[in-house]
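Reviewing the structure listed below.
Quick note: the coordinates plus some simple rules give every number you see, no bench work behind them. Please read all numbers here as calculations on a predicted model, not as lab measurements. Don't worry about glycine lacking a Cβ; one is built from the backbone with ideal geometry, like all the others, and counts go over all protein chains shown.
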Amino acid sequence: MASPLVTDTGTIAAGTIVNSYFFAVNAAVEAIVNTSVTFSSNVLGIIFQEDVNGVLFPNFASSDFLGVPGTSYQESSCRFCGFETVGQAQGLIDTAGFTGNVANFDNFYSEPGDFARIIIDDPIAVPGPIAGAGSPGLILASGGLLGWWRRRGRNPPDKASRERPSPLPV
Amino acid sequence: MSHKLIRVAAGLALASALGICASATAISDAAADIISTSGLTQVAPPPTVTGDFIINDGLPHQIIFAEQ
């Protein structure tokens, strides 16, 4: 990212390479659920909150650049599409959090849905395993060297061939 | 073992080792993946994210999809 990204759980520094996932729960019938997702990399932040009037925090809109190019995101103008973290009875409050590479969500949801954007650390591209660089390659290379050494030992170059003739005429 | 046979074996072994090493330049995938979920279904990105896009698109009620 060229600039810092503000999430509802903290600010992610500029220059961080990230991936993002979109979380959504939505149904015609009310439901209370606890869900979680485990990623291959650490979670860096989550955007999920709305204010007491149901207006999503601006962090949603400001992070839409992480969205899927072919998807039209209209969640920013949707009231009550975030997590209701206040103004709810105990047990009906929506929560989101993470520890390491695991994100956890508690939702009391129906219509419209509850949405969140999860920002993940992008693993650094590393070279894959090099075939032939491990033990098999070492054995093969050793075998080749052994063969060369044995051949050299049986046919030592004669002294005459080791002595170079003088390049200058005598 | 004759000298010729040793020479051939040595050449094959070296060529094999060096050839395999030279051909390996794979780069692993850089994208973070989902290892597991509890109560969520991973789906393909929808065309539109509106307040009731899950209901309207007939998707599972609790989903997650990859963005960028």
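Structural remarks
- Once you reduce segment B:31-68 and segment A:4-81 to the center of their Cα atoms, the two points are 12 Å from each other.
- Built amide H within the under 5 Å cut-off of A:Phe83, gap 5+: A:Gln49, A:Glu50, A:Phe115
- Per-residue mean of C-beta atoms belonging to partner chains within 10 Å, peptide A:87-95: 0
- Charge tally in the Cβ shell below 14 Å around A:Thr35, where Lys, Arg are +1 and Asp, Glu are -1, A:Thr35 excluded: -3
- Considering every alpha-carbon pair of segment A:5-121, the percent of pairs per 10 Å bin, from zero through the bin containing the longest distance, is 14, 48, 33, 5, 0.
- DSSP-loop GluC sites (Glu not before Pro) across segment A:28-83, with at most 16 other Cβ within 10 angstrom: A:Glu30
- The length gained on full extension between A:Trp149 and A:Val29, counted as 0.36 nm times the residue separation minus their Cα-Cα distance, comes to 35.3 nm.
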